[in-house]
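Peer 1: Structure below; questions to follow.
Every number in this text was worked out from the coordinates using simple rules, so none of it is lab data. Please read these numbers as outputs of a predicted model, since none were measured by experiment. So basically every Cβ, Gly included, is an ideal-geometry build from the backbone, and we count neighbours across all protein chains shown.
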Amino acid sequence: MKIEDNIETFNSLVKRQGFVWGPSPEIYGGLAGFYSYGPAGMALKNNIISLFRKELRALGFSEVECPIVTPEIVWEASGHLERFIDPVIKCKKCESIFRADKFLKEQMPDAMIDGLSFKEMEVLIKSNSLTCPECDSEFDKIEDYNLMLKTNVGAGNTAYLRPETATTTYLLFNRLSQVLRKQYPLKVFQYGKAFRNEISPRQGVLRMRSFDQFELQMFISKEQEYNLEDFNDIKHNKLPLLDWRLQDKNIAIPNQIDLEDAIEKKILKKPAYAYCLYLSYFLISKLGYPDEVIRFRQHSPNEKAHYADDAWDLEVNTTQFGWVEICGIHDRTDYDLKRHGKYSKQNFEVSMDTNPSIKEIPQILEIAYGIDRIIYTLLETNFNVEDKRINLKLSKNVAPNQVAVFPLVKNKEKIRLLAKKIHRGLLQNLIYSYYDESGSIGKRYRRQDELGTPYCVTIDYDSLEDSTVTIRERDTMTQIRIDISEIPMTIKNGLPKIKE
Ligand SMILES: [Zn+2]
């Protein structure tokens with residue numbers, strides 16, 4: 001989004017064209033943190049998911065789906081019961097509730113808040129005489145607030161809506177090991193809903209309480225982490241890596257670093273982890289983000305989860321919210337399977353390498369995408385206003401409609417029938433076509449520009465005579481005349497370059 005483009009114009013477009021609505025249910029005032037996708041948003045989401053699925057199949061990943069509702073013991077073992085908590089402070093007088101770490105970051109932007117204990121945060125609040133922003137009164141002590149949504153199953157058995165898909169995939173390890181015929185590293189992914197009971201979600205669609213995750217895992221041996229065949233094919237790709245030591249120096253966008261160099265310079269430790277960074281970027285690069293809005297940011301030792309060996313976020317620079325994490329890449333070590341092995345009394349030790357006498361618990365490398373955040377950032381970074389025309393420059397890989405088909409006039413039956421026939425033919429060709437006959441042609445073009453539709457085809461009186469149509473390209477607004485039979489190829493390859 002350029003500066004001259006208006007955030008309000010963008011936010012109203014997202015609702016007006018049916019991408020995202022909410023908080024839902026709107027007619028009852030809405031519950032914060034819950035949103036609905038309209039037809040355009042759902043089509044965009046489905047296109048992203050099918051593109052990811054197709055690419056991952058080619059890379060040897062298998063897909064699973066697990067239940068959303070999970071018994072308590074799973075989250076006891078995973079550590080979520082104990083550690084998936086926010087520090088919360090309540091005003092003694094008006095009882096307003098705040099997240100202590102967020103509140104401190106807002107009040108003291110220069111202080112280092114990540115990694116502070118509850119006590120240390122309390123001391124900071126006291127020593128700086130920070131009070132309730134609503135009524136200026138003192139705060140109570142900081143309390144634990146668990147972010148998992150609790151529910152009951154059957155006759156009062158406590159269960160939780162999963163806070164992530166990843167853990168539910170780990171629980172399948174023994175089964176997966178069998179069906180994937182012990183070919184390590186095992187490559188798996190899961191797409192589905194996860195839930196987070198945020199105390200007071202702000203930042204709109206970025207802080208959903210119910211959200212879509214798309215998480216990839218590699219179950220890998222210690223040896224393979226340093227010796228992964230796939231790494232050799234991609235080691236000279238360059239990524240914008242901002243390691244945590246650079247983050248104090250006000251560098252927002254880092255230089256592109258060759259992955260083999262990054263290992264040699266010890267910015268990254270393990271080739272297999274470097275491969276995961278590459279893979280996370282590879283899938284994102286298919287979606288059509290402008291290059292300059294993407295970076296990888298490493299977690300500082302304070303920010304990192306206690307078990308993580310390394311963690312980086314793939315971030316997108318937005319106008320409305322600054323840098324936004326759309327994907328986290330985590331080296332989780334053998335923490336998860338060790339814990340679940342202990343709590344379930346299962347043995348997760350397997351022999352993964354050339355020497356069958358060596359048995360080990362697999363390491364887990366993970367790539368976790370937030371699909372809703374991808375949708376938001378993709379819409380925002382592709383939103384343009386050009387001479388008062390809104391143009392959503394979505395890639396044709398993901399746009400809700402790849403083409404829209406218009407009859408020039410709707411009261412001429414022969415034109416209408418031909419337009420409908422062309423529309424159905426395109427759908428049969430697996431091209432997402434949208435048929436629209438309402439309003440002037442100019443209005444129909446504008447509607448499709450706002451939906452990010454790359455091409456529009458208009459059927460007119462001449463089409464009845466010579467089987468040609470007008471095809472219009474969204475970004476250049478160029479219009480040319482082509483034969484009906486040429487429509488699919490033109491959508492695939494773009495308009496032929498016109499000689500000057
Ligand atoms: Zn208060």
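Peer 1: Lys and Arg at +1, Asp and Glu at -1: add these up for the other residues within a Cβ distance under 13 Å of residue 491 and post the number. Before the final figure, lay out the partial values.
Peer 2: On the way: positive: 396, 472, 474, 492; negative: 473, 486.
Once all neighbours under 13 Å are counted, the net charge is +2.
Peer 1: May I have the extent of the alpha carbons of the range 218-333 along their three principal axes, as whole Å values ordered from largest to smallest?
Peer 2: Result for the range 218-333: principal-axis Cα extents of 43, 32, 24 Å.
Peer 1: Something else now. Taking the Cα centroid of the range 155-193 and of the range 219-234, what is the distance between the two, rounded to the nearest whole Å?
Peer 2: Rounded to whole Å, the Cα centres lie 22 Å apart.
Peer 1: Helix-only mean residue ellipticity at 222 nm, the chain, DSSP H runs n ≥ 4 weighted -39,500 (n - 2.57), per residue, nearest 500. What is it?
Peer 2: -9000 deg cm²/dmol
Peer 1: If you count, for each residue, the other Cβ atoms within 10 Å and average over each peptide, how do 295-307, 322-334 line up from highest to lowest?
Peer 2: So the peptides 295-307, 322-334, ranked by packing, come out 322-334, 295-307.
Peer 1: Compute the separation of the alpha-carbon centres of the range 248-326 and the range 21-46 and state it in Å as a whole number.
Peer 2: 30 Å
Peer 1: Taking residue 342 as the anchor, which lysines have their alpha carbon closer than 19 Å to its alpha carbon, excluding any fewer than eight residues away along the same chain?
Peer 2: Once the sequence-local lysines are set aside, what remains near residue 342 is 359.
Peer 1: Which whole-number percentage describes the relative contact order of the range 401-493, with Cα contacts under 8 Å and a sequence gap of 6 or more?
Peer 2: 31 percent.
Peer 1: Would you mind classifying the range 1-95 by shape? Square roots of the alpha carbon gyration tensor eigenvalues, ordered a ≥ b ≥ c; an a/c under 1.5 is rounded, otherwise it is prolate if a/b is larger than b/c and oblate if not.
Peer 2: oblate
Peer 1: Here is a follow-up. As a test of understanding, state the convex hull volume per residue of the range 258-403 from its alpha carbons, in Å³.
Peer 2: That works out to 178 Å³ per residue.
Peer 1: Shifting gears a bit: Please report the antiparallel percentage of the DSSP beta bridges confined to the range 401-493, to the nearest 5.
Peer 2: 55 percent
Peer 1: Dividing the convex hull volume of the alpha carbon atoms of the range 401-493 by its residue count, what do you get in Å³ per residue?
Peer 2: Details: hull volume 7.6 nm³, N = 93.
Taking the convex hull of the Cα positions in the range 401-493, it is 82 Å³ per residue.
Peer 1: OK, next. Cut-off under 25 Å on the C-alpha distance; same-chain residues fewer than 8 positions from residue 497 excluded. Which lysines are left, in chain and number order?
Peer 2: 286, 393, 396
Peer 1: Is the shape of the chain best called rounded, prolate or oblate, per the rule: a/c under 1.5 gives rounded, else a/b larger than b/c gives prolate, else oblate, with a ≥ b ≥ c the square roots of the Cα gyration tensor eigenvalues?
Peer 2: In terms of gyration-tensor shape, prolate.
Peer 1: May I pose another question? Using θ = phi - 60° and the Karplus relation 6.51 cos²θ - 1.76 cosθ + 1.60, list the HN-Hα couplings for the range 325-337 in order, rounded to whole Hz, with x at every Gly or Pro.
Peer 2: 6, 10, 7, x, 10, 10, 9, 8, 6, 9, 3, 5, 5
Peer 1: Provide the packing ranking of 466-472, 434-440, i.e. peptides ordered by the mean count of other C-beta atoms within 10 Å per residue, highest first. Can you show the working numbers first?
Peer 2: Details: 466-472: 17.6, 434-440: 15.1.
The densest-packed peptide leads the list: 466-472, 434-440.
Peer 1: At a Cα cut-off below 22 Å, give the lysines reachable from residue 102, other chains included and same-chain residues fewer than 8 away excluded.
Peer 2: Partners within reach: 90, 92, 93, 119, 126, 141, 304.
Peer 1: Follow-up. Under the rule a/c < 1.5 gives rounded, and otherwise a/b versus b/c splits prolate from oblate, where does the range 85-146 land using the Cα gyration tensor?
Peer 2: oblate
Peer 1: Beyond 20 Å, what percent of the Cα pairs of the range 328-413 remain?
Peer 2: Roughly 66 percent, once rounded to a whole number.
Peer 1: Quick query: amide H of residue 310 versus all other amide H atoms, modeled in the peptide plane; which residues come in under 5 Å with a sequence gap of 5 or more or a different chain?
Peer 2: Excluding prolines and chain starts, which carry no amide H, the hits are 331.
Peer 1: Output the peptides 209-217, 18-26 sorted from most to least packed, where packing is the average of other Cβ atoms within 10 Å over each peptide's residues. Working shown, then result.
Peer 2: Values: 209-217: 22.0, 18-26: 17.8.
Averaged packing, sorted descending, gives the order 209-217, 18-26.
Peer 1: Karplus couplings for the range 126-142 from phi (6.51 cos²θ - 1.76 cosθ + 1.60, θ = phi - 60°), rounded to Hz, Gly and Pro as x?
Peer 2: 5, 5, 9, 6, 7, 10, 4, x, 7, 9, 6, 8, 6, 9, 6, 5, 6
Peer 1: Could you go through the range 369-376 in sequence order and give the Karplus-derived ³J(HN,Hα) for each residue, using 6.51 cos²θ - 1.76 cosθ + 1.60 with θ = phi - 60°, rounded to whole Hz, and x for Gly and Pro?
Peer 2: 8, x, 5, 5, 6, 5, 4, 4
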